[in-house]
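A.B. asks: Encoded as structure tokens, here's the structure I'll be asking about.
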Amino acid sequence: MIRLSAFADEISQDPREQIDVLARHGVMNIEFRAIHGTNVLDLSDEQHDAFRAMLREAGFGLSAIGSPIGKIKVNEPFDPHLDRFARALDLADFYECPRIRVFSFYIPAGDDPAAHRDEVMARMAELARRAADRGVTLMLENEKGIYGDTAPRVHDILTTVASPALAHAFDPANYVEVGQPIEAAWDLLKPFVSHFHVKDYSESLKRCVPAGEGDGKFDFLLDDAAASGYDGFVVLEPHLTVAEMSYGFTGPERFADAANALKGILIDHAITFA
């Protein structure tokens with residue numbers, strides 16, 4: 001079963017507006033990245049208490065803690081980052097959401113990623129070990145500029161760490177941006193994909209577009225995933241207004257375009273979703 005979710009901070013930083021807009025579109029889950037202009041890992045306990053109560057009252061769940069873990073340079077100190085990861089693990093427990101989105105560390109500009117492979121693997125293995133101890137699955141997202149930006153390097157991480165606590169969050173737009181052919185990425189990584197981020201990218205326009213309007217091949221991906229029994233979240237992260245390295249914004253009006261585009265693909269392919 002495909003379950004819909006969204007990075008709700010792409011709509012607004014106001015949690016009430018996030019929930020209201022998502023509910024109007026029948027999206028009842030959130031990939032929790034930020035509210036009140038503050039990252040999920042930096043919110044106070046009181047803010048988390050209030051947001052959890054709001055979610056429960058509205059009948060919402062979380063698809064994942066949308067953490068920035070792994071979004072530091074691979075040569076930056078790791079111990080302080082592990083402290084932030086501990087906070088992410090605690091929040092996974094607090095929200096009863098055993099999934100955390102992570103990355104595989106930025107490679108310094110001009111460096112050969114292979115020169116940093118051993119450090120990346122050691123860090124990812126430690127993250128996975130700690131997640132496994134807590135019953136949490138890490139959703140490894142591909143992104144431009146990090147070690148896991150291409151499908152072969154994502155595959156390298158997943159097979160080297162070889163942990164059931166580490167799976168792949170497949171982001172087609174991010175693959176398009178680094179010139180990674182989508183079909184090849186899917187063929188290689190399909191067995192590891194437990195999460196989808198719905199962000200499409202048009203090479204000709206050089207910007208993000210609603211699903212199906214770019215080069216991300218969402219019709220092919222979602223049809224094949226559903227036919228193969230995919231059971232997981234499909235998470236809207238449209239970046240239709242702003243698309244920066246660590247931030248994206250769509251707004252409530254354009255979010256409707258993104259949600260309707262995704263639903264249109266699912267309906268056209270007779271794919272059941274909730």
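A.B. asks: At what distance in angstrom do the alpha carbon centres of segment 36-78 and segment 98-119 lie from each other?
C.D. replies: Centre-to-centre distance over Cα atoms comes out at 22 Å.
A.B. asks: Hey, another quick one. Which FRET efficiency value, to the nearest 0.05, do you get for D90 and E46 by plugging their Cβ-Cβ distance into 1/(1 + (r/R0)^6) with R0 = 22 Å?
C.D. replies: 0.90
A.B. asks: Continuing with this model, one more query. With Cβ to Cβ distances under 14 Å as the rule, what net charge do the other residues near I271 carry (K, R +1; D, E -1)?
C.D. replies: Once positives and negatives cancel, what remains is -3.
A.B. asks: What order do you get for M139, M54 when you list them from fewest to most C-beta neighbours inside 10 Å?
C.D. replies: M54, M139
A.B. asks: Just to be sure I understand the model, the point goes 7 Å from the Cα along the line to the Cβ. What's the resulting D133 to D231 distance in nm?
C.D. replies: 2.9 nm
A.B. asks: Going by C-beta contacts inside 10 Å, put I265, I30, I146 in order with the fewest on the left.
C.D. replies: Going from sparsest to densest Cβ surroundings: I265, I146, I30.
A.B. asks: I've got another one for you. Indicate, rounded to the nearest 5 percent, the antiparallel portion of the DSSP beta bridges found entirely in segment 140-263.
C.D. replies: Counting DSSP beta bridges with both partners in segment 140-263, the antiparallel share is about 35 percent.
A.B. asks: Could you give the length gained by full extension between A270 and E203, i.e. 0.36 nm per residue of separation minus their alpha carbon distance, to one decimal place?
C.D. replies: That pair, A270 and E203, stretches by 21.3 nm at full extension.
A.B. asks: Considering only lysines 8 or more places apart in sequence, or on different chains, count the pairs in the chain whose C-alpha atoms sit under 25 Å apart.
C.D. replies: Counting lysine pairs in the chain gives 18.
A.B. asks: A further question follows. Only counting other Cβ atoms within 10 Å, I'd like E253, E237, E119 sorted with the fewest neighbours first.
C.D. replies: If I rank by nearby Cβ atoms, fewest first, I get E253, E119, E237.
A.B. asks: Which cross-chain or sequence-distant (5 or more) residues have an amide H under 5 Å from the amide H of V209, H modelled 1.01 Å from N in plane?
C.D. replies: Under 5 Å from the amide H of V209 lie the amide H atoms of D200, Y201, S202, each far enough along the sequence or on another chain.
A.B. asks: Under 10 Å, Cα contacts only: if you run a Gaussian network model on the chain, which one of A114, A167, A226 comes out with the highest mean-square fluctuation?
C.D. replies: Judging by the Gaussian network model, the answer is A114.
A.B. asks: For the chain, give the share of DSSP beta bridges that are antiparallel, in percent and rounded to the nearest 5; count only bridges with both residues there.
C.D. replies: Here the antiparallel bridges make up roughly 20 percent for the chain.
A.B. asks: Arrange the peptides 195-207, 64-76 so that the one whose residues have, on average, the most other Cβ atoms within 10 Å appears first.
C.D. replies: Ranked by mean Cβ neighbours within 10 Å, highest first: 64-76, 195-207.
A.B. asks: Please tell me the relative contact order of segment 204-274 in percent, rounded to the nearest whole number, where contacts are Cα pairs under 8 Å and at least six residues apart.
C.D. replies: 36 percent
A.B. asks: Given an 8 Å cut-off on Cα distances and at least 6 residues of separation, report the relative contact order of the chain as a percent.
C.D. replies: Value for the chain: 20 percent.
A.B. asks: Ordered by residue, what ³J(HN,Hα) values in Hz, to whole numbers, does segment 258-271 give under the Karplus form 6.51 cos²θ - 1.76 cosθ + 1.60, where θ = phi - 60° and Gly and Pro are x?
C.D. replies: Each residue's phi maps through the Karplus curve to give 5, 5, 5, 5, 5, 4, x, 5, 4, 5, 4, 9, 6, 9 Hz.
None of the figures in this text is laboratory data; all of them are computed from the coordinates on show. It should be emphasised that the depicted structure is a prediction, and the values quoted were computed from it without experimental measurement. Neighbour counts run over all protein chains shown; Cβ positions are idealised from the backbone, glycine included.
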